[in-house]
Amino acid sequence: MTPSDIEMAQSMKKQKIVIIGNGMAPGRMLEHLLEQAPDRYVVTIFNAEPRVNYDRIMLSPVLSGEKAFEEIIIHGDGWYIANGITLYKGHKIVAIDRSAKTVTSDHGVTEPYDKLVIATGSVPFIIPVPGHDLPGVLTYRDLDDVQAMLLAAQSRAKAVVIGGGLLGLEAAAGLNAQGMDVTVLHVMPTLMERQLDPAAGYLLQRAVEQRGIKVITKANTQAITGKGKVEQVELADGTVIPATLVVMAVGIRPNAALAKEAGIAVNRGIVVDAGMRSNDPDIYALGECAEVNGQVYGLVAPLYEMARVAASHLAGNETAAFVHMDTPTKLKVTGIELFSLGDFAEGEDRQEIVLRDAAAGVYKRLVLRDDRIIGTVLYGETADGAWFNDLKKKQTDISQMRDTLIFGQSYQGGASLDPMAAVAALPDDAEICGCNGVCKGKITGAITAKGLTSLDDVRAHTKASASCGSCTGLVEKLMVLTIGDKYNPAAVQPMCGCTTLGHDEVRRLIKAKSLKTIPAVMQELEWTTSCGCAKCRPALNYYLVCDWPDEYADDYQSRYINERVHANIQKDGTYSVVPRMWGGVTNAAELRAIADVVDKFEIPMVKVTGGQRIDMLGIRKEDLPAVWADLGQAGFVSGQAYAKGLRTVKTCVGSDWCRFGTQDSTGLGIRIEKFMWGSWTPAKVKMAVSGCPRNCAEATCKDVGVICVDSGYEIHFAGAAGLDIKGTEVLGLVKTEDEALEHIVALTQMYREQGRYLERIYKWAKRVGIAEIKRQIMDDGEKREAYFDRFVFSQKFAQVDPWSERVSGKDKHEFRPMASVGFAQAAE
Amino acid sequence: MMNWISIGSISDIPRRGARCVATPQGKIAVFRTADDQVFAIDDHCPHKGGPLSQGIVHGAAVTCPLHNWVISLETGKALGADEGAVRTIPVRIEGERLFIALEALASRAA
């Protein structure tokens with residue numbers, strides 16, 4: 001073999017790359033690497049967090065309840081499997097042996113590497129004040145922190161956020177949205193002083209305070225005190241602020257300890273060259289832990305640039321180099337528009353253009369040097385941020401448009417105010433997505449070349465709008481400009497194969513067009529089948545029952561068998577029967593009646609259900625009316641254990657018996673059940689009432705739950721304990737039983753009117769937003785009453801015991817064969 | 001020879017619904033569609049034996065109540081991606097009266 005042959009043979013063999021850390025930067029690096037050199041490496045990742053790669057900059061919407069964790073996952077488990085990547089979740093690397101070229105995790109796994117990538121990110125800075133290690137002091141860094149904060153927020157108590165920067169304010173807004181009383185402590189005179197000038201900082205402070213968040217600037221935290229847990233925060237000036245939760249968000253520092261121990265050059269961060277290579281040629285570093293040209297970075301755009309550079313080098317292209325760039329800052333707090341870029345300090349050689357509109361709460365400031373933009377602060381209206389950024393980046397001479405520059409792009413050259421025109425006027429290399437560094441030309445090019453028609457497609461192919469999402473509007477405008485009508489922003493999943501309309505659209509049109517029968521819906525909404533299918537018919541039947549309770553005649557042939565015969569079909573075609581036991585309470589007479597029925601009909605199995613009642617299984621369909629007749633004699637009615645409707649209200653014994661009980665939870669449970677039984681809902685509804693926070697009725701995994709406390713009733717909703725497991729969200733605290741009932745009924749009616757058929761409350765809540773539900777049910781008394789009244793009206797038609805109806809002969813054809821034939825012949 | 005057995009009247013079955021006919025060999029499900037066609041098939045889903053008579057009737061098909069297989073009432077075959085079939089039984093409508101062919105029954109018993 002010649003030397004070149006040997007080289008070839010060696011390069012054919014896959015090298016082993018190990019990545020320490022699984023944040024956004026290494027995730028992006030892998031995407032590039034798999035694209036450029038898919039077969040070059042065998043990849044192993046160690047992630048100290050026990051999970052996949054997610055969009056860390058979207059944690060704030062998760063904290064505020066606007067997004068769910070699943071929505072911010074970048075690479076699901078399937079991605080790692082599909083790409084043959086080994087991911088060790090929850091493994092923290094504790095040692096790098098550079099001479100042996102291995103890494104070892106805290107669980108004792110040792111992996112060899114040819115190339116090592118360190119992406120250990122950053123650690124939150126903790127102010128070393130007394131009490132900084134008390135339970136209840138958190139940082140804001142990863143999903144665990146968010147979950148801890150959400151848990152703490154359930155107490156509705158007081159929180160202090162130390163740090164009035166980007167992260168601190170996002171944390172404060174999130175905790176405030178979760179119902180906590182929040183105070184922000186900031187050591188500087190104005191908020192976000194590194195990104196905002198004092199004027200914008202003031203406007204921001206006002207906006208933050210208008211949300212009910214207290215802000216104390218020039219606040220010097222001296223101590224956090226409390227017995228065994230956080231109780232208060234003390235400032236240097238003597239101020240004492242009570243708090244059960246303290247979030248420290250005062251900054252981050254590169255997490256370079258592991259590299260340092262391994263003898264790799266570390267300054268503030270791990271020192272790398274412009275190719276992301278450390279002083280060990282086989283070890284790279286990128287992300288927040290890396291230091292390039294004396295700079296460390298925390299915003300996603302430069303980190304993604306590092307990822308691109310590192311991937312190129314690992315793929316064999318050693319010309320790629322990281323160049324410093326300014327990145328615009330945006331605050332991810334819904335309702336606060338803020339954009340900041342570059343250098344905006346005052347100086348002799350600088351001029352500024354300022355626009356203030358006090359009424360609209362708008363402040364814009366451009367900092368110029370030599371007729372070129374060097375800094376921008378926009379508050380209240382940020383649409384021109386991309387344009388100013390472009391002018392700055394290109395060092396455009398703005399002297400010609402100086403007089404109108406501050407009004408934005410649409411004022412230039414006499415162009416109209418049409419925002420579409422403004423986007424159309426952007427040059428191809430104007431940056432649209434700051435997080436991912438995607439320019440206009442790349443987006444429009446991909447839309448045309450790949451025939452993209454949905455936002456998700458554009459995100460998948462270009463990454464634009466795939467991180468923080470604040471450029472989504474711009475991307476959508478580009479889609480309209482490029483493909484016109486073919487872009488359908490609200491592309492929805494049709495209800496079923498019989499229509500192109502989605503559930504929400506059908507529900508809207510049923511109301512708007514006053515459609516009151518299934519045939520009317522199918523005719524008016526142009527169903528493509530003659531009489532629908534097993535998916536759409538039950539859904540339509542429910543929507544019509546819900547929307548026209550007094551006028552619509554329930555279509556039994558469009559109900560699932562369980563709801564048609566008011567029992568639960570079992571695998572052998574027999575049925576099970578569950579009578580109501582209000583609040584799970586029963587007595588000797590009821591139990592005797594059940595025992596008699598079991599004997600008389602030779603019912604093979606009797607079982608206590610999870611919903612605190614008794615299930616009789618294995619009943620032949622023909623026997624159902626007779627079983628119901630006997631149960632009815634004893635006062636039983638249907639438990640609707642088969643219904644997409646109210647099932648059970650589980651209770652504990654509460655203040656009547658329990659030494660911990662704070663309220664009559666049994667009584668409230670029975671009251672709710674008696675008020676709400678018989679109502680149809682999009683999917684089943686299970687409730688519970690617990691008499692104290694020990695929660696023996698397990699109310700915090702129910703569709704709707706109540707936790708009684710000394711001061712009243714804490715109403716919970718949107719829990720799940722089936723296919724998905726999810727703790728409830730807190731709707732709010734009310735003082736009286738009457739209020740509790742009113743709020744629960746209103747919440748249920750809101751769900752009845754908006755839920756898609758078979759969509760449980762927790763999925764509906766995720767879709768419409770917890771905050772919106774709280775707003776309508778807790779804050780808007782008029783809305784709540786209207787929901788309540790509509791529920792009460794519909795109950796007039798719903799509260800009819802279906803069992804006694806059938807005992808009286810209704811639908812009797814259901815329970816008998818129409819004929820018996822052939823038996824005589826068979827006997828011959 | 002076809003042996004037609006009377007099983008009752010078409011009005012015994014709700015539109016988009018079904019009734020059962022008991023036979024020594026098991027139940028037969030008799031379906032009536034929205035446009036008054038009548039079909040008879042074994043009341044036994046080819047998948048896991050679910051009682052097809054309890055399913056939702058749409059067009060000339062029924063969706064099994066246990067696991068949502070869709071069975072053609074005309075051919076007895078599973079529609080869509082599923083594979084399997086149930087026996088179909090000839091039906092005759094004379095005015096209001098419904099008849100099914102017994103010979104088919106006998107042949108199954110044999």
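No lab work stands behind these numbers, since they all come straight from the coordinates. These numbers were taken from a predicted model, which means no experiment stands behind them. Positions of Cβ are generated from backbone atoms using ideal geometry, with glycine treated the same way; all protein chains shown enter the neighbour counts.
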Checklist entry - What percent does the relative contact order of chain A come to when contacts are Cα pairs within less than 8 Å and at least six residues apart? => result 7
Next on the checklist: Using a Förster radius of 51 Å, what is the FRET efficiency between residue B:74 and residue A:725 based on their Cβ-Cβ separation? Nearest 0.05, please.
Outcome noted: 0.70
Checklist entry - How many nm is it between the label spots at residue A:797 and residue A:323, if each spot is 7 Å from the Cα in line with the beta carbon? => result 6.9
Next on the checklist: Check which residues have an amide H placed less than 5 Å from residue B:58's amide H, if you skip close sequence neighbours.
Outcome noted: B:63
Item to check | On Cα atoms only, tilt of A:624-633 relative to the major axis of chain A in degrees | outcome: 80
Item to check | In order through segment A:107-121: 3J(HN,Hα) via Karplus (6.51 cos²θ - 1.76 cosθ + 1.60), integer Hz, x for Gly, Pro | outcome: 9, x, 7, 10, 10, x, 9, 8, 10, 10, 10, 9, 9, 7, x
Checklist outcome for this item: Expected unfolding gain across residue A:349-residue A:109 under the 0.36 nm per residue rule, minus the alpha-carbon gap, is 80.6 nm
Checklist entry - Hey, any idea what Rg/Rh is for segment A:151-232, computing Rh the Kirkwood way over Cα pairs? => result 0.99
Next on the checklist: Given axes a ≥ b ≥ c from the Cα gyration tensor, I'd like to know whether segment A:639-800 is rounded (a/c under 1.5), prolate (a/b larger than b/c) or oblate.
Outcome noted: rounded
Next on the checklist: Cross-link candidates for residue A:511: which lysines have Cα within less than 25 Å, leaving aside residues fewer than 8 places away along the same chain?
Outcome noted: A:535, A:644, A:684, A:763, A:766, A:774, A:783, A:796
Checklist entry - What is the extension gain from residue A:476 to residue A:94, computed as 0.36 nm multiplied by their sequence separation minus the C-alpha to C-alpha distance, in nm to one decimal? => result 133.0 nm
Checklist entry - Rounded if a/c is under 1.5, else prolate if a/b beats b/c, else oblate: with a ≥ b ≥ c from the C-alpha gyration tensor eigenvalues square-rooted, which is segment A:503-559? => result oblate
Checklist entry - Taking R0 as 60 Å, what's the FRET efficiency between residue A:587 and residue A:237 from their Cβ-Cβ distance, rounded to 0.05? => result 0.40
Checklist entry - What list of ³J(HN,Hα) values in whole Hz, one per residue of segment A:598-612 in order, does the Karplus curve 6.51 cos²θ - 1.76 cosθ + 1.60 (θ = phi - 60°) give from phi, with Gly and Pro shown as x? => result 4, 5, 4, 9, 6, 6, x, 9, 10, 9, 7, 8, x, x, 6
Next on the checklist: If the only charges are +1 at each Lys and Arg Cβ and -1 at each Asp and Glu Cβ, what is the size of the charge dipole of chain A around the Cα centre, to the nearest 20 debye?
Outcome noted: 1120
Item to check | Other-chain or far-sequence residues with amide H under 5 Å of residue A:645's (modelled H) | outcome: A:681, A:684, A:685
Item to check | Centre separation in Å (Cα based) which lies between segment A:241-261 and segment A:79-156 | outcome: 13
Checklist entry - For segment A:186-192, what does the Karplus curve 6.51 cos²θ - 1.76 cosθ + 1.60, with θ = phi - 60°, yield as ³J(HN,Hα) per residue in whole Hz, taken in order and with x for Gly and Pro? => result 10, 6, 8, x, 10, 6, 6
Checklist entry - So, with +1 on the Cβ of K and R and -1 on the Cβ of D and E, and no other charges, what is the size of the charge dipole of segment A:678-828 about its Cα centre, to the nearest 20 debye? => result 480
Next on the checklist: What's the magnitude of the charge dipole for segment A:503-559 around its Cα centre, counting Lys and Arg as +1 and Asp and Glu as -1 at the beta-carbon? Answer in Debye, nearest 20.
Outcome noted: 140
Checklist entry - So for segment A:126-250, taking the charge dipole from beta-carbon charges (+1 Lys/Arg, -1 Asp/Glu), which of A:127, A:188, A:154 sits furthest toward the positive end? => result A:154
Checklist entry - How big is the gap, in Å, between the Cα center of segment A:190-205 and the Cα center of segment A:675-693? => result 47
Item to check | Longest to shortest principal axis, alpha-carbon extents of chain A, angstrom | outcome: 100, 79, 64
Checklist entry - Using every alpha carbon pair in segment B:4-109, what percent of pairs falls into each 5 Å bin from 0 up to the bin containing the largest distance? => result 2, 14, 26, 26, 18, 10, 3, 0
Item to check | Computed label-point distance, nm, for sites residue A:356 and residue A:69 using a 7 Å Cα→Cβ extension | outcome: 4.6
Checklist outcome for this item: Over the protein assembly as shown, the sum of -39500 (n - 2.57) across DSSP H runs of at least four, divided by residue number and rounded to 500 deg cm²/dmol, gives at 222 nm -8500 deg cm²/dmol
Checklist entry - Can you put A:752, A:402 in order, fewest other beta carbons within 10 Å first? => result A:402, A:752
Checklist entry - Using the count of nearby Cβ atoms within 10 Å as a rough guide to exposure, how do A:621, A:702 rank from fewest to most? => result A:621, A:702
Item to check | Nearest 10 degrees, 0 to 90: helix A:385-394 Cα axis against chain A principal axis | outcome: 20
Checklist entry - How far is helix A:198-210 tilted, in degrees, relative to the longest principal axis of the Cα atoms in chain A, given as a value from 0 to 90 rounded to the nearest 10? => result 10
Next on the checklist: Under a crude label model (7 Å from the Cα following the beta-carbon direction), how far is residue B:37 from residue A:83 in nanometres?
Outcome noted: 5.2
Checklist entry - Can you work out the FRET efficiency for the pair residue A:656 and residue A:709, with r the C-beta to C-beta distance and R0 = 22 Å, to the nearest 0.05? => result 0.85
Item to check | Footprinting exposure proxy for A:657, B:4 (fewest neighbouring C-beta atoms within 10 Å first) | outcome: A:657, B:4
Checklist entry - What residues qualify as long-range amide H neighbours of residue A:820, i.e. H under 5 Å apart, gap of 5 or more or another chain, H built at 1.01 Å from N? => result B:22
Item to check | Selection from A:594, A:225, A:294, by position along the positive dipole direction of chain A (Cβ) | outcome: A:594
Item to check | For segment A:695-828: relative contact order, % (alpha-carbon pairs under 8 angstrom, 6 or more apart) | outcome: 17
